[in-house]
1. What is the local net charge at Val361, summed over the other residues whose Cβ is closer than 14 Å to its Cβ (Lys, Arg +1; Asp, Glu -1)?
2. Just add up the charged neighbours of Pro55: K/R +1, D/E -1, any other residue whose Cβ is under 12 Å from the Cβ of Pro55.
3. So which chymotrypsin sites (Phe, Trp or Tyr not before Pro) in segment 298-372 end up in coil per DSSP with only 11 or fewer other C-beta atoms within 10 Å?
4. Working out 0.36 nm times the residue gap between Asp101 and Arg74, then minus their Cα-Cα distance, what length gain in nm do you get to one decimal?
5. Roughly how much of Arg339 is accessible, in Å² to the nearest 10, using a 1.4 Å probe?
6. Evaluate the distance, in nm, between pseudo-label points positioned 7 Å from the Cα of Asn286 and of Met345 along their respective Cα→Cβ axes.
7. Could you give the distance between the Cα centres of segment 329-404 and segment 187-206, to the whole Å?
8. Say R0 is 41 Å: what FRET efficiency, to the nearest 0.05, do Thr139 and Thr40 get from their beta-carbon distance?
Amino acid sequence: MLKQHHRSRSAAHFQRGAPASGDVAGRVVPFDYAAQFPITGKPGTVQQDVINISPEATFVALGISYGFEQERGRSIGTLNLTSGGPPFLPGALTLGQIPVDVLAEGFRVNPRYLPIVFETLPDEGEGVVPTGFSQNPITPDFLNQTPVFERVQSTVNIEFLFSMVDTATGREFQDQPTHNIASLGSSDGRRPFRMLSRPVHFLPRSTIRIQIVERSDDVRGTLFIVLFGYKLGASSACGEAAQASLASMDVDSMLPAGKVIPFDYVTRFQLQGRENHRVDDEIAINTEGGYYATSVGYGLQVEDGNVQFNVDPTLTTVDLATKVTLSNFPISALTDGFRIRPGFMRLVVNDLGTLNTALPVDLVHSIFETLNRAEDVSFRYSIFDSGTGRELQNEPIQNIAGLGIANGDRPFKKLARPLHLEPRSTLRVSIEERFGRGALFIVLQGYKLLAGSASAERMP
């Protein structure tokens, strides 16, 4: 049954009306439930998913967020190549043979066809690592019939209508399907998470059905909608009022002075820019008095955004259309993707809509920029507390849906309740890459209890 959650009057009331706090840590755990929907790019398409609440604990939802994992690769169509022409090496393709609108929006080698363009070596799992340009010729007809190269679509803000139903009670959470921006904010994550006006209890084994209606055209990917809150363990012997008191107690007010220090635990992942590539890192908790995580932040450290390519240093001007080939570019620029800098379009493209054949050589290292930008990183993450064997989400969650926009222009994700990690325990963070390359930092923010703190015995 759907119930409202009421705050307790004080920590002292909690101590009188609920079991001793020594077993509280096993009963109040921050948790996220995610639903995901395939987006087809056809307005009017209806998609739905069901969240199944686990049987071992009541879930209390405090808020809702969402994020869109965009499939940015698009077909180029046909290149500016003569049908039936002679074979040539992949690295000999010139910029003039690539449509200008593709260079303006984004161009890269299709990740599925890296062995066609490059010499490669096997990497972890099923991936490959480019080591140089391939010496195997390809024909113009093959390139025009096979998506070896692709356009990289700019990131978009998705629009959809959604509705939510608690199937255990049959109650809806709105009178009609509502617009995502009106109810949840911008899809790029540049906003605080939407907090529910009152926490909502979902009983064990109950289900939540979420339905969406697509409104954005020519956009494909996966939409994540996340209910965030905390679990109340079913092992609790206390009643509803005591559970509410337990969940809402003010932990910070019970801390003794001088025994607690703010502390961040940092995980670092080297993203390779390979879709579906998985990397893991573990946090080893100190051996003193335990740790309480209160919020999570993240960011991607990337290389310089300029794309530099090799040109003859004796030249004064460069013919971009016929004299600059793919082999002049670093491999990373072709695998990450690059585009003409918006502010340089008038210098790179002439009045006829073709590439400049006499660009001053001093500008060649400034006209292109990489698509590997920190604000565009996309990944799925999951967190596992190996000390207790608990997952902190029902499935891997997309970064914007769970943590907000990647450029930091949002509040840090505050956990619904502090996550208690015992001394000598470990927390494993797993990442599934989707887009972006560089050093990814995920930081747990919180505080640790110093050795000998009496609060270690009484804290939740």
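1. Details: positive: Lys323; negative: Asp312, Asp319, Asp362.
So the environment of Val361 carries a net charge of -2.
2. +1
3. Taking segment 298-372 and a limit of 11 other Cβ atoms within 10 Å, no loop chymotrypsin sites (Phe, Trp or Tyr not before Pro) are found.
4. Values: separation 27, 0.36 × 27 = 9.72 nm, distance 1.27 nm.
8.5 nm is the gain from fully extending Asp101 to Arg74.
5. Accessible area, nearest 10 Å²: 40 Å².
6. Distance between the two pseudo-spin positions: 5.3 nm.
7. If we compute the Cα centre of each part, the gap is 30 Å.
8. 0.80
The values are calculated or read from the model by the stated rules, or taken from the named source; none is laboratory data. No experiment lies behind these values; they were computed from the predicted model shown. Glycine gets a Cβ as well: all are built from the backbone with ideal geometry, and neighbour counts include every protein chain shown. Keep in mind that these areas ignore ligands, DNA and RNA; they rest on the heavy atoms of the full protein, side chains included. Shrake-Rupley method; radii C 1.70, N 1.55, O 1.52, S 1.80 Å.
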